[in-house]
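So the structure is just underneath, and the comments pick up after that.
The values are calculated or read from the model by the stated rules, or taken from the named source; none is laboratory data. Here the structure is a predicted model, which means the values were calculated and not measured. Cβ coordinates were reconstructed from backbone atoms using ideal geometry, including for glycine residues, and neighbour counts include every protein chain displayed.
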Amino acid sequence: MGLTMTTNAPGKAHTHKEIMVILGGLMTGLLLAALDQTIVSTALKSITEDFNGLNHYTWVVTAYLLTSTASTPLYGKISDIYGRRPVFQFAIVTFLLGSLLAGAAQDMNQLIATRALQGLGAGGLMALTFVIIGDIVPPRERGRYVGYFGAVWGLSSVAGPLLGGFFSDRETILGITGWRWIFYINIPFGILALVLTSATLHLAKQKREHSIDYLGAALLVTSVTLVLLSLSVYGPQDGWTDSRTLSYLAIGLILTVLFIWWEGRAKEPIIPLDLFKNHTFTLTSILGAIIGAGMFGAIVMLPLYLQVVKGDSATSAGLKLIPLMLGIVSTSIISGKLISKHGKYKRFPIMGTALMTIGILAMYRLEIDTPFWEIAIYALMVGAGLGLSMQTIVIALQNAVDFKDMGIATSSNTFFRSLGSVFGTALFGAILSNRLGHYLMVGREELATSNPTAALSFTESDIEMIKQNTGVIAQLPPDAQTTALNAFVDSFHVVFLAAAPLTAIGFFIALFLREAPLRTNEDYAAARQESAGETLG
C-alpha cells in the first residue's frame, strides 16, 4: 500500500499504515516545537557570555513563548479556511527560517527577534498536530495514536535541557560555536517533517466563502502579548507594583475585554464564543490551562531544586528528570490504548489530576538530604498524572465538537494550555522569589543567634546577590551555605503548597466532564463527508 493512498476522498477512512506515516511527520514537527521550549534554558549562560547580554536573557525564552502562544488560535482558524497541509507546512517553513536565523544571530537583539519568528512557526506546529489527527482518526480509535504525542512531550522535557547542555558545553562543533547547534539541529528534522507531510498529508478541504477577522486577530495577539509581558517579564524583573508592569497588565486586560466584545459581533470570529456553550469545550479549556501550569511548574521547579539544593549540574539535573518523562510516556500510551479498547475516557483525567496533586504535595517533603530515589518517585507520580490527563482531554474535546469546528476548537485548547504554562511559570517563579528573600532574612537572623561569627560573613548584600546568582552560595562559609540552602528548600515548599490546590481544582473540574460515546469510523466518516468538499488541501 503506497503513500499515495493517503489522498483520501472525503469520508474515506485512512488505514493504520497510512496514519502511522502521517504521524511520523506530525510527531517530528511537534518534537521540534516542544524541544525549543526547553533546549535554550541550559545554553543561556554561554549565549549571554558571547553577546554580553545577561540583562536581556529572559527575552530569549519569552519571545518564543509569546509568539507561539498568541498565534495558536489563529492557525486553527486559518487552517479551517485554507486547509491543514499548506498551513502546517507554512508553520514548518517559518520555524525552520527562524532556526536558521537564530543560529546565525550576531547579538541579543537579533537572537530575540529570530526566536520570536521561531515561536510563530511553533504555534502552528503545536496546534495543528492535534487538529490533523482529529481530521483523520475517529475519536474511538484516536487514543492509540495521541498517546504518542504525550511521549513526545515527555521526551522533550528531558531531551531539551540535555541537548542544550551538550551543545553549549562544547566550544565549537564542525567549526561553529557549540550553542548555535541548538538551532541548526532543527534544520534536518524540519526538512524531514516537510517531506513526510508533502508526501502523505492530503486532506479534503472545505469549499465555502471565507473571511479572516483581522481586528479580532490584532486584539487577541496584542492583549495576550501585553498580559504575558507583564506577568512573565516585567513583574518578576521590575516588581509587581512597577508602573510598566501595571500599565501593560491593565491595557492587556482592557484589550481582552474588547476582544471578547468584538468576537460576539464578528462574522467569522477567531474564537467563536458559541464554543463556550459547549460544556466539554469549556471544561477541557480550563483543564488544559491547569495541566499546562502543573506541567511547566514541575519542569521548571524540579531542575532548579536539583541544581541549587542538591548541587547537580544542568546535564545531571536533566538526566534526573527521566522518571518524570517515564511517567508521561508510559501513561500516555497506556491510557490511549485503553481508551481505544473500551471507549471510556473520563476516568483518566480524574486519576491524572489526582495523581498530579498527590505528587506535588509529596514534594513538600523534599529537603537538602532527600535521596534521589524518593525524588524520582514524586517525579514519576507527577509525570504519570500528566500523561493520563494531557492527551485525554483533547480526545474528549474533539469528540464533543462539530467536525467543521475541529480546527479552532483544538487549537483553542492548545492556546489555553500554553497560557496556563506561561502564567503558571510566572506565578510559581514570583512565589519562589518572594519567599526566598523572606527566608534568607529569617535564616540570617537565626544564624546571628546560633553562630554570630558565621553571620558576619552572611550579609544583606550576600542575600541580594544570592537572589540574582545562586553561584554565590558556594563562596559562603559552611553554616551560611546551609542557611541559604534551607531558605531555598522552604521557598520550594511554599511553591509546591501553592501548586497543589491548583491541580486539585483540576481534579474537581474533571469530575464534571460528561462522557459521551466516542464516535466510530462510520459516523465520523459521515461527519467528514458532510463537512468536506471535493478539493484536496
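Summary table
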{"quantity": "Qualifying position, being surrounded by fewer than 19 Cβ atoms within 10 Å (Cβ to Cβ), among the hydrophobic types (A, V, I, L, M, F, W, C) and in contact with a helix residue (DSSP H, G or I) (Cβ under 9 Å, 6 or more places away or on another chain), among L456, L436, L518, L427", "calculated": "L456"}
{"quantity": "Wholly within region 366-477, helices (runs of 4 or more DSSP H) carrying at least 1 residues that are under 22 Å from A122 (Cα atoms)", "calculated": "372-389, 392-400, 406-450"}
{"quantity": "F415, sole failed condition from (1) modelled with pLDDT of 80 or more; (2) within 30 Å of L485 (Cα to Cα)", "calculated": "(2)"}
{"quantity": "Yes/no for L246 being at negative phi, touching a Ser or Thr at 6+ places or on another chain (Cβ under 8 Å) and in a helix (DSSP H, G or I)", "calculated": "yes"}
{"quantity": "Test for T48: is it modelled with pLDDT under 80, within 30 Å of T172 (Cβ to Cβ) and either assigned to a helix (DSSP H, G or I) or not assigned by TED's automatic domain parsing to the domain that holds I132 (or both)", "calculated": "yes"}
{"quantity": "Region 227-252, subset at pLDDT 80 or above and crowded, with 21+ Cβ neighbours inside 10 Å, residue nearest to the chain's Cα centre (by Cα)", "calculated": "V227"}
{"quantity": "Residues of region 425-439 that turn out to be under 11 Å from V494 (Cβ atoms), of a type outside the set (A, V, I, L, M, F, W, C) and free of Cβ contacts under 8 Å to residues at least 60 places away in the same chain, as a count", "calculated": "3"}
{"quantity": "Scope region 164-197; condition surrounded by fewer than 14 Cβ atoms within 10 Å (Cβ to Cβ) and of a type in the set (G, A, S); matching residues", "calculated": "G175"}
{"quantity": "Failed item in (1) in a helix (DSSP H, G or I); (2) farther than 24 Å from A510 by Cβ; (3) in contact with a Lys or Arg (Cβ under 7 Å, 6 or more places away or on another chain), with I270 passing the rest", "calculated": "(1)"}
{"quantity": "Meets criteria (under 20 Å from A499 (Cα atoms) and in a helix (DSSP H, G or I)) for G318", "calculated": "no"}
{"quantity": "Subset of region 394-421 that is within 20 Å of L74 (Cα to Cα), crowded, with 24+ Cβ neighbours inside 10 Å and aliphatic (A, V, I, L, M) - its residue that is farthest from the chain's Cα centre (by Cα)", "calculated": "M406"}
{"quantity": "Positions within region 306-324 being over 11 Å from P161 (Cβ atoms) and within 18 Å of the chain's Cα centre (by Cα), in sequence order", "calculated": "I322, L324"}
{"quantity": "Sole residue being under 23 Å from the mean Cα position of the chain (by Cα) and modelled with pLDDT of 80 or more, chosen from I375, I368", "calculated": "I375"}
{"quantity": "Residue, modelled with the highest pLDDT, within region 157-205, restricted to residues that are in a loop (DSSP other than H, G, I, E, B) and more than 20 Å from L35 (Cα to Cα)", "calculated": "L174"}
{"quantity": "Residue check, V87 closer than 22 Å to Y234 by Cα and either buried (at least 18 other Cβ atoms within 10 Å of the Cβ) or modelled with pLDDT under 70 (or both)", "calculated": "no"}
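Yes/no matrix, rows are residues, columns are (1) modelled with pLDDT under 85; (2) touching a Gly at 6+ places or on another chain (Cβ under 7 Å); (3) outside the structural domain of W179 (by TED's automatic domain parsing):
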residue	(1), (2), (3)
V60	yes, no, no
T67	yes, yes, no
D80	yes, yes, no
L100	no, no, no
L111	no, no, no
L117	no, yes, no
V137	yes, no, no
